[in-house]
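These notes are about the structure you will find just below.
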Amino acid sequence: MTNTIGNNIKEKRIKCGFTQEEVANRIAVTPQAVSKWENGGGLPDITQIAPLARLFGVSTDALLGVATDLQGAAHLNTAQEHVTALLESTQPITERHLAAYRYLCEESDREPANYPLMCLCINHGAEISRYTDFDGFLSDRPEEKHSIFADCEHRNACIDRYCEDRNVIEKADFAMAWIYLHCQEFDKARKRIDRLPSLMSNNLREPLEAQLALFEHGYASEKEVIKNNMRKLLHATGKEFAYSFEDIAREEKAEESAAFFEKMCGIIKAYEAFDFLCDIAKEWEKEISQFLPKD
């Protein structure tokens with residue numbers, strides 16, 4: 001049991017990015033005591049188990065090595081539900097995103113190794129950066145604005161250093177690139193953008209995943225993968241069109257932007273030929289149409 005607890009403390013400390021001294025300071029022990037636990041030379045006092053578990057964002061059972069840590073997914077789901085409720089409030093959209101960001105900061109700090117939760121926090125920081133740039137949001141609170149973006153940068157660095165989920169890393173980089181763009185830090189934005197996957201690549205995973213399903217389980221399995229790949233393609237198309245059309249509608253004349261809209265929606269509508277894509281295509285058409293110039 002000694003080795004189990006010591007190994008768990010060391011593993012979770014490193015995953016959270018803490019030094020032995022930082023852990024010691026947070027639970028009021030000496031760094032030597034933490035080192036002793038990790039080396040198997042002793043056990044934490046029973047009164048220190050709960051503080052350690054809270055610090056690492058895990059259950060006490062998980063810290064003791066007697067249960068699998070399932071807190072992360074449950075915590076993320078609860079946080080997402082709360083954020084959804086916050087975003088449905090009657091406050092201005094800027095204040096809604098700020099409330100969501102503040103809430104997610106607190107939740108992320110409660111569970112430092114929950115990187116999807118940390119990524120969600122950065123995403124709302126990116127939403128805030130959009131309004132600070134275009135609408136002057138927080139111009140009367142420059143210190144708070146700087147603090148938000150510095151915090152997002154720190155969280156992005158933690159994900160970059162400790163997270164092993166490539167999808168989470170890419171989502172965090174994507175959001176951080178937006179923050180840098182809106183903060184006019186173009187060199188930093190370019191570095192994040194250069195790390196992201198590109199449509200130029202001919203070595204995408206999806207075609208091979210379909211073939212793997214075929215060879216391993218047969219055509220019925222491959223067909224489901226193909227459908228899922230088409231959903232991904234539709235989402236990628238819709239997202240690209242939405243980002244592009246927002247700028248086109250702002251910069252082009254009304255007639256020209258309307259013509260662009262019709263062409264883009266013609267492509268999106270083509271997906272509606274497939275029943276399993278019809279509702280998704282209509283949602284993307286609605287998303288893109290919000291940027292049409294108002295009469």
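Yes/no per residue for (1) at pLDDT 90 or above; (2) surrounded by 17 or more Cβ atoms within 10 Å (Cβ to Cβ); (3) in contact with a His (Cβ under 9 Å, 6 or more places away or on another chain); (4) under 25 Å from residue 13 (Cβ atoms):
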{"position": "87", "(1), (2), (3), (4)": "yes, no, yes, no"}
{"position": "98", "(1), (2), (3), (4)": "yes, yes, yes, no"}
{"position": "143", "(1), (2), (3), (4)": "yes, no, no, no"}
{"position": "162", "(1), (2), (3), (4)": "no, no, no, yes"}
{"position": "166", "(1), (2), (3), (4)": "yes, no, no, yes"}
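Residue check: is residue 46 loosely packed, with under 14 Cβ neighbours inside 10 Å and either in contact (Cβ under 8 Å) with a residue 12 or more places away in the chain or outside the structural domain of residue 117 (by TED's automatic domain parsing) (or both)? Please lay out each step first, then the result.
Details: loosely packed, with under 14 Cβ neighbours inside 10 Å: yes; either in contact (Cβ under 8 Å) with a residue 12 or more places away in the chain or outside the structural domain of residue 117 (by TED's automatic domain parsing) (or both): yes.
Yes.
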Leading residue by the ranking (surrounded by the most Cβ atoms within 10 Å (Cβ to Cβ)) among those in region 266-282 that are in contact (Cβ under 8 Å) with a residue 24 or more places away in the chain and out of contact with any Phe, Trp or Tyr (no Cβ under 6 Å at 6 or more places or on another chain)
271
Considering each residue of region 29-64, count those that are among the small types (Gly, Ala, Ser) and either at pLDDT 90 or above or closer than 22 Å to residue 155 by Cα (or both), and give that number.
4
Only one residue in 55, 104 is closer than 25 Å to residue 4 by Cα, part of a helix (DSSP H, G or I) and out of contact with any Phe, Trp or Tyr (no Cβ under 6 Å at 6 or more places or on another chain). Which one?
55
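Is one or more of the residues making up region 169-187 in contact with a His (Cβ under 7 Å, 6 or more places away or on another chain) and more than 17 Å from residue 99 (Cα to Cα)?
Initial filter on region 169-187 (in contact with a His (Cβ under 7 Å, 6 or more places away or on another chain)): none.
No, region 169-187 has no match at all.
I'd like to know if region 68-77 contains one or more residues that are modelled with pLDDT under 90, farther than 30 Å from residue 133 by Cα, part of a loop (DSSP other than H, G, I, E, B) and out of contact with any Ser or Thr (no Cβ under 7 Å at 6 or more places or on another chain). Don't jump to the end; show me each part of the working.
We begin by selecting, within region 68-77, every residue modelled with pLDDT under 90; these are 68-75, 77.
From what is left, the residues that are farther than 30 Å from residue 133 by Cα are 68-75, 77.
Narrowing the set further to residues that are part of a loop (DSSP other than H, G, I, E, B) leaves 68-70.
Among the residues that remain, those that are also out of contact with any Ser or Thr (no Cβ under 7 Å at 6 or more places or on another chain) are: 68, 70.
Scanning region 68-77, I find at least one residue that is modelled with pLDDT under 90, farther than 30 Å from residue 133 by Cα, part of a loop (DSSP other than H, G, I, E, B) and out of contact with any Ser or Thr (no Cβ under 7 Å at 6 or more places or on another chain), so the answer is yes.
The values are calculated or read from the model by the stated rules, or taken from the named source; none is laboratory data. In this text, all values refer to a predicted model and were calculated from it rather than measured experimentally. Heads up, the Cβs are rebuilt from the backbone with ideal geometry, glycines too, and the neighbour counts pull from every protein chain shown.
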